[in-house]
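Before any comments, here is the structure.
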Amino acid sequence: MGKARILLADDHTLVAEAFKKLLQPEFEVLGTVTDGRTLLQVAQQLKPDVIILDLGMPLLSGMSAGQQLKNLLPNTQIVVVTMSEEYKLASEAVGHWASGYLLKKSAGYELVTAIREVLKRHSYVTPKIENYLREEFIRHSDIDHRKVLTPRQREVLQLLAEGRTMKEVAAILRVATRTVAFHKYRIMDDFGLKTNSDLVRFAIKEHILASP
């Protein structure tokens, strides 16, 4: 049986290189992608066994990419490796599409273990996050009825918050400009946003855009 095939998705070159050196003795590292849209394309071509995914990706966030990859490649295991210790983010990822969740500060000694576990179809969550998620599940088992962004809204919001015009967003997403406008103003209406600056702040709050 050959080595498990790993695809890295991280826009920080030094981090990606460090992970590559760490993993190569045991796994086949297929390469590195640096934005979410390229990740979707390359992952569908290569069909890796495991994707190591950073959440703070340009063009399409790791959260949005992860959600789509779960549907596109159900047999591929996704391990999040992130700087963020935001528990809400971890809960959403682990609850819906991620098999593993690590913090970058501990990835050096947990990453190989996490990959081994997810290849056996087990989950692996770094202990600090795992303890919190367990406590939150016990405390809050009720359904959250707050409004949530759709996957398409998340895509539109990220691209607008990155400073692209509606016409540019339409070209990237291959939709009509009026469709982008519809999503933009629906987001603003649903979440009480008034200006483009509000959109940027909201994108940061939702962890769709990294803090400056």
Select from region 175-190 the residues that are closer than 24 Å to Val148 by Cβ and assigned to a loop (DSSP other than H, G, I, E, B) and list them in ascending order. Val175
Restricting to region 191-212, count the residues that are of a type in the set (Ser, Thr, Tyr) and either touching a residue at least 24 places away in the same chain (Cβ under 8 Å) or in a helix (DSSP H, G or I) (or both). 1
If you take the residues of region 28-59 that are closer than 20 Å to Ile204 by Cβ and acidic (Asp, Glu), which of them is surrounded by the most Cβ atoms within 10 Å (Cβ to Cβ)? Asp54
Restricting to region 5-22, name every residue that is surrounded by fewer than 18 Cβ atoms within 10 Å (Cβ to Cβ) and either of a type outside the set (A, V, I, L, M) or part of a loop (DSSP other than H, G, I, E, B) (or both). Arg5, His12, Thr13, Glu17, Lys20, Lys21
Here is a check on your reading of the model: is Ile143 part of a helix (DSSP H, G or I), over 17 Å from Ile6 (Cβ atoms), among the β-branched types (Val, Ile, Thr) and at pLDDT below 85? no
Boolean, Pro25 is at negative phi, of a type outside the set (Val, Ile, Thr) and either assigned to a helix (DSSP H, G or I) or surrounded by fewer than 17 Cβ atoms within 10 Å (Cβ to Cβ) (or both): yes
Give me a count of the residues in region 60-86 that are surrounded by fewer than 20 Cβ atoms within 10 Å (Cβ to Cβ) and among the aliphatic types (A, V, I, L, M). 3
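Every residue, every condition in (1) part of a loop (DSSP other than H, G, I, E, B); (2) under 17 Å from Val112 (Cα atoms); (3) not assigned by TED's automatic domain parsing to the domain that holds Leu119, yes or no:
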{"residue": "Leu30", "(1), (2), (3)": "no, yes, no"}
{"residue": "Ala43", "(1), (2), (3)": "no, no, no"}
{"residue": "Pro48", "(1), (2), (3)": "yes, yes, no"}
{"residue": "Ile78", "(1), (2), (3)": "no, yes, no"}
Flagged in region 84-116 as farther than 20 Å from His207 by Cα, of a type in the set (Gly, Ala, Ser) and touching a residue at least 40 places away in the same chain (Cβ under 8 Å), in numbering order, are Ala107, Gly108
I want to confirm something. Restricting to region 87-114 and keeping residues that are assigned to a helix (DSSP H, G or I) and aliphatic (A, V, I, L, M), which single residue is surrounded by the fewest Cβ atoms within 10 Å (Cβ to Cβ)? Val112
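The values are calculated or read from the model by the stated rules, or taken from the named source; none is laboratory data. Note that the structure is a prediction, hence the values are computed from the model and not measured. Using ideal geometry, Cβ is built from the backbone for each residue, glycine included, and neighbour counts are taken over all protein chains shown.
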